Amino acid sequence: MSEIVFLGTAGGRMVVTSQLRKSGGFWMDLKGKHILIDPGPGCLVRCAELGLRPSDLDCIILSHKHIDHSNDVNIMIEAMSGGSFRPRGMLLAPDDALEGEDPVVLKYVRGYIRNNIRTLEPAFKYKLEGGITIWVASRMVHAGIESYGLKFAFDGKTIGYVTDTKFFPGLPEAFTGCDCLVINMVRMTHDARFEHLTPDDVIKLLKVAKPGVAVLSHFGMQVVKANPAAVAQRVEKEAHVRTIAAEDGMRVSLDGPKALVETTLSSFS
């Protein structure tokens with residue numbers, strides 16, 4: 001089974017720290033390969049609650065180093081490697097998550113994956129064993145740090161991930177060709193202090209990118225108060241793209257023909 005599992009849908013400091021919604025990123029099973037993206041606070045606990053085995057992971061990815069995306073990266077590396085007794089797996093992360101004054105990946109845990117680390121950069125492309133290609137679709141514009149949007153190709157399908165960013169020229173074009181596009185939408189309104197997408201930004205993005213289905217996630221307090229499902233309905237109506245608001249624990253099936261990706265959704269907690 002190929003699927004996306006949303007461990008949590010919290011974004012922004014207040015929703016994450018209050019746990020109004022769970023946090024922890026999302027897990028993808030693609031052709032039997034297990035990939036974890038942005039393991040924020042609670043990721044390990046959410047995996048246990050949802051019956052996912054971290055020791056099955058093949059790859060962990062950080063789109064950027066902020067706490068709500070990276071808090072559990074070290075424990076998840078340890079869990080992936082069987083507590084270090086079964087060194088395996090790999091990590092993809094921006095350079096500033098690994099080096100410099102404020103790295104988030106501890107040096108001692110890097111040995112648990114035999115230092116099998118690839119650095120994300122604008123031209124990054126990697127073929128994971130099993131016929132899965134991972135590449136950087138675009139560098140994002142977010143808080144002066146390295147932040148990267150990604151694409152994943154497998155079995156003739158393409159999954160896109162628009163991580164934290166403000167809207168900028170070229171963003172929609174970078175994510176064309178996706179059967180399923182996961183979009184972090186933290187805010188309802190713009191604020192110069194925070195570089196995040198709003199519903200109006202998402203609508204502009206989707207009108208150009210035109211994915212088979214868009215799944216909104218990583219909601220900040222403004223979005224939670226506005227009701228993410230209602231916001232998704234508005235986005236769908238104006239962008240003319242099937243749009244769903246993710247829920248904590250939601251699973252999106254990626255099996256079947258491209259046209260059915262949008263209809264094979266289930267939710268549980």
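Computed from the coordinates by the stated procedures, all read-outs in this text should not be read as laboratory data. None of the values given here were measured: they were computed from a predicted structure. Ideal geometry is used to build each Cβ from the backbone, glycine not excepted, and the neighbour counts take in all protein chains shown.
Tabulated results
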| item | result |
| --- | --- |
| Spin-label pair GLU101/HIS240, simplified geometry with 7 Å Cα→Cβ offset, distance in nm | 4.9 nm |
| Peptides ranked, highest mean first, by Cβ atoms within 10 Å: ranges 243-251, 138-146, 109-117 | 243-251, 138-146, 109-117 |
| Cβ-based exposure ranking for LYS22, LYS166, in which fewest neighbours within 10 Å come first | LYS166, LYS22 |
| Computed Kirkwood radius, in angstrom, where 1/r is averaged over Cα pairs of the stretch 145-257 | 14.1 Å |
| Between 0 and 90°, nearest 10: helix 199-209 axis offset from the chain longest Cα axis | 80 degrees |
| Most to least packed among 99-106, 226-233 [average Cβ atoms within 10 Å] | 226-233, 99-106 |
| Viscosity 1.306 mPa s, temperature 10 °C, Stokes-Einstein D of the stretch 89-130 from Kirkwood C-alpha radius, µm²/s | 142 µm²/s |
| Gyration tensor (alpha-carbon) shape descriptor, the stretch 12-146, a/c threshold 1.5 | rounded |
| Antiparallel DSSP beta bridges within the chain, percent to nearest 5 | 55 percent |
| Fewest-first sequence of MET221, MET28 by Cβ atoms within 10 Å of each Cβ | MET221, MET28 |
| Exposure proxy order (Cβ contacts within 10 Å, fewest to most) of HIS64, HIS240, HIS190, HIS218 | HIS240, HIS190, HIS64, HIS218 |
| Set LYS22/LYS125; LYS31/LYS204; LYS33/LYS125; LYS22/LYS237; LYS125/LYS166; LYS65/LYS166 screened for pairs whose C-alpha atoms are more than 21 Å apart | LYS22/LYS125; LYS31/LYS204; LYS22/LYS237; LYS125/LYS166 |
| Formal net charge of residues neighbouring ILE67 (Cβ-Cβ distance under 13 Å; K, R +1; D, E -1) | -3 |
